[in-house]
């Protein structure tokens, strides 16, 4: 499938006419058989399509990255194994891997950053993989991010030592497993939007994050919104939209 860049080059060389190129541009996606890559998403929604590596074959991932590289966009791949990272490096040696977050980032262009920042707060160290996914997402979208880890309610004094930094953020992501109480505590202390992320961290009755999810959904604190269990990407993306308003 011909990319927009290739079509424009063929137009310049006289190998295509204007109508042919306009047909490719207006289509808005590149069909490579296994995937239809939404190449118009950045123009339409402000961010290019993000690659979920989980469940994809290595050749499929490489094909998708190759198309996105041709369009010059920044690239983020989530839930990426080490094998997926090595496959992406075959297409783009400059790809960067965050093993804890399981993300691959390729920064092709520098995005102007707003003066405000996003705070990411975790209840425990075990929540860091989800926090790192949120951080990598927000950063590739052009945001400054401050990570404040391990300040859960079992030692609430740790949270209070960082409360000024949290209150100064434009938006706060709170990530917690177990009973998920930290989101309610932070929501009651700040006048900023709080994005709560339940994690699957916890013992038997946490039901793989369902307990934290229900606690966060039932919060009595105002201004708290909740994303899905372990959804660091969703939280980072939403925080970016808020921070860049």
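List of remarks:
- Selection within segment 154-181: residues that are in contact with a strand residue (DSSP E or B) (Cβ under 6 Å, 6 or more places away or on another chain) and part of a loop (DSSP other than H, G, I, E, B). The member of this set that is farthest from residue 120 (Cα to Cα) is 180.
- Candidates 108, 158, filtered to the one that is out of contact with any helix residue (DSSP H, G or I) (no Cβ under 9 Å at 6 or more places or on another chain) and modelled with pLDDT under 95: 158
- Residue identified as surrounded by 14 or more Cβ atoms within 10 Å (Cβ to Cβ), at negative phi and either modelled with pLDDT of 90 or more or in the same structural domain as residue 128 (by TED's automatic domain parsing) (or both) among 53, 47: 53
- Residue 244 meets all of the listed conditions (1) out of contact with any helix residue (DSSP H, G or I) (no Cβ under 9 Å at 6 or more places or on another chain); (2) farther than 24 Å from residue 45 by Cβ; (3) in contact (Cβ under 8 Å) with a residue 60 or more places away in the chain but one, namely (2).
- Residues being assigned to a loop (DSSP other than H, G, I, E, B) and under 18 Å from residue 200 (Cβ atoms) - total across segment 116-145: 2
- Condition check for residue 88: assigned to a helix (DSSP H, G or I) and either surrounded by 18 or more Cβ atoms within 10 Å (Cβ to Cβ) or in contact with a strand residue (DSSP E or B) (Cβ under 7 Å, 6 or more places away or on another chain) (or both): yes
- When every residue of segment 224-240 is checked against the conditions, none turns out to be over 18 Å from the mean Cα position of the chain (by Cα) and farther than 27 Å from residue 49 by Cα.
- Test: residue in segment 4-24 that is closer than 16 Å to residue 105 by Cα, in a helix (DSSP H, G or I) and at pLDDT 75 or above: no
- Selected residue (criterion: nearest to residue 136 (Cα to Cα)) from residues of segment 212-227 that are surrounded by fewer than 19 Cβ atoms within 10 Å (Cβ to Cβ) and in contact with a strand residue (DSSP E or B) (Cβ under 8 Å, 6 or more places away or on another chain): 225
- Of all residues in segment 96-115 being within 26 Å of residue 201 (Cβ to Cβ) and in contact (Cβ under 8 Å) with a residue 24 or more places away in the chain, the one that is surrounded by the most Cβ atoms within 10 Å (Cβ to Cβ): 103
- Of the residues making up segment 193-215, those that are in contact (Cβ under 8 Å) with a residue 40 or more places away in the chain and in a loop (DSSP other than H, G, I, E, B) are 193, 199, 201.
- Exactly one residue among 185, 151 is farther than 29 Å from residue 111 by Cα, outside any loop (DSSP other than H, G, I, E, B) and touching a residue at least 12 places away in the same chain (Cβ under 8 Å), and that residue is 185.
- Condition check for residue 190: in contact with a helix residue (DSSP H, G or I) (Cβ under 7 Å, 6 or more places away or on another chain) and either surrounded by fewer than 24 Cβ atoms within 10 Å (Cβ to Cβ) or over 16 Å from residue 212 (Cα atoms) (or both): yes
The values are calculated or read from the model by the stated rules, or taken from the named source; none is laboratory data. As the structure is a prediction and not an experimental result, all values here were calculated from the model. Cβ atoms come from the backbone with ideal geometry, glycine included; neighbour counts cover every protein chain shown.
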